[in-house]
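Let me begin by presenting the structure, written as structure tokens, before commenting on it.
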Amino acid sequence: MRRDFGLSSVVAFIRRHWRIIAGACLAGAGLYIAIEISDKQGRADLPYGYAVRMTCEADPESHLWSGGCDRIAADIARTDRPSFGDLYQAFVIVHHTPIPSAATARQFANVPCDADFNLDETLKGTRYILVTEKFTSVCSLAHAQAIMDEIDTRARALMTIERGGLSYSALAAGTLANLTNPLVGVGIILLVIVLWIV
């Protein structure tokens with residue numbers, strides 16, 4: 001009898017609070033997924049951050065791609081441990097900010113092309129020659145420089161993540177960056193609405 005009474009109480013509790021229980025289970029699952037994704041992102045970012053440094057190291061043929069390394073030289077020289085805030089911002093830049101950004105795309109959407117502009121000559125001998133796909137449809141020096149700035153920002157972010165290493169701070173920062181993605185926010189709002197209506 002006592003077991004039946006206890007089971008009935010549990011069933012009754014679940015029926016009364018099933019929305020909260022379902023929401024908590026989904027939130028827990030979402031947090032677990034965000035942590036797993038952050039771990040994979042961080043592990044993948046470490047060699048990319050190292051690659052940025054290697055690209056700018058002295059080499060007999062480095063003149064073919066080392067142009068622009070002076071723009072990130074100060075970040076290459078850094079050896080300090082990044083803060084949680086720095087790591088969070090780095091993960092947002094690397095994994096949730098496209099290149100070119102929406103702002104840059106809007107800025108140059110209706111700007112006429114420069115007839116004298118030569119993209120190949122502009123990128124020749126620079127580190128940007130390694131990511132020419134970022135310069136699709138670029139037809140002016142100002143537009144090219146804007147994208148170069150964004151690539152530099154991403155390179156700095158990758159080196160920040162590299163300095164953070166496989167630490168719990170980096171894992172937490174990456175998880176928070178994933179959870180604060182606007183698309184995740186929209187999904188949470190829709191989930192709350194569905195649980196409220198059902």
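Bear in mind these aren't lab numbers, they're just calculated from the coordinates by the rules spelled out. This is a predicted model, so every value here is computed, not measured. Every residue, glycine among them, receives a Cβ derived from its backbone with ideal geometry; neighbour counts consider all protein chains shown.
Provide the net charge surrounding L171, with neighbours chosen by a C-beta distance below 11 Å and charges set as Lys +1, Arg +1, Asp -1, Glu -1.
0
Under a point-charge model restricted to the Cβ atoms of Lys and Arg (+1) and Asp and Glu (-1), what is the dipole moment magnitude of segment 1-147 relative to its Cα centre, in debye to the nearest 20?
Charge dipole of segment 1-147: 1360 debye, to the nearest 20.
Work out the charge dipole of the chain with +1 on the Cβ of Lys and Arg and -1 on the Cβ of Asp and Glu about the Cα centre, then indicate which of G68, T104, L179 is farthest towards its positive end.
Projecting each Cα onto the dipole axis, the largest value belongs to L179.
Given the options A51, A177, A155, which has the most mean-square fluctuation in a GNM of the chain, springs set between C-alpha atoms less than 10 angstrom apart?
Per the Cα network of the chain with a 10 Å cutoff, A51 tops the list.
Mean-square fluctuation check for the chain, GNM, Cα pairs under 10 Å: which of L31, L176, L64 is largest?
L64
Give the Kirkwood hydrodynamic radius (Å, one decimal) of the chain, defined as one over the mean of 1/r across all pairs of different Cα atoms.
Over the chain, the inverse of the mean reciprocal pair distance is 20.1 Å.
Highest GNM mean-square fluctuation, the chain, Cα pairs closer than 10 Å: which of H63, H143, H96?
The residue that fluctuates most here is H63.
So what is the 222 nm mean residue ellipticity for the chain from helices alone, if each DSSP H run of at least 4 adds -39500 (n - 2.57) and you divide by all residues, rounding to the nearest 500 deg cm²/dmol?
Value at 222 nm, helices only: -22500 deg cm²/dmol.
Within 15 Å, Cβ to Cβ, of C139, how many net charges do the neighbouring residues add up to if Lys/Arg are +1 and Asp/Glu are -1?
Here the count lands on -3.
Using the charge dipole of the chain (Lys, Arg: +1 at Cβ; Asp, Glu: -1 at Cβ; taken about the Cα centre), state which of A34, L123, M159 has its Cα farthest towards the positive end.
Checked the options; the winner is A34.
Cysteines without a disulfide-compatible partner in the chain, using Cβ under 4.7 Å as the rule?
C25
Order by neighbour count: D80, D45, fewest other Cβ atoms within 10 Å first, most last.
Exposure proxy ranking, most exposed first: D80, D45.
Arrange the following residues from fewest to most other Cβ atoms within 10 Å of their Cβ: S66, S38.
Ordered from fewest to most neighbouring Cβ atoms within 10 Å, S66, S38 come out as S66, S38.
Whats the longest run of the chain with zero GluC sites (Glu not before Pro) that are DSSP loop and have at most 10 other Cβ atoms within 10 Å?
Answer from the scan: 62-198.
For T126, which sequence-distant residues (separation of 5 or more, or a different chain) have an amide H within less than 5 Å of its own amide H, given hydrogens modelled in the peptide plane?
Answer set, sorted by chain and number: G67.
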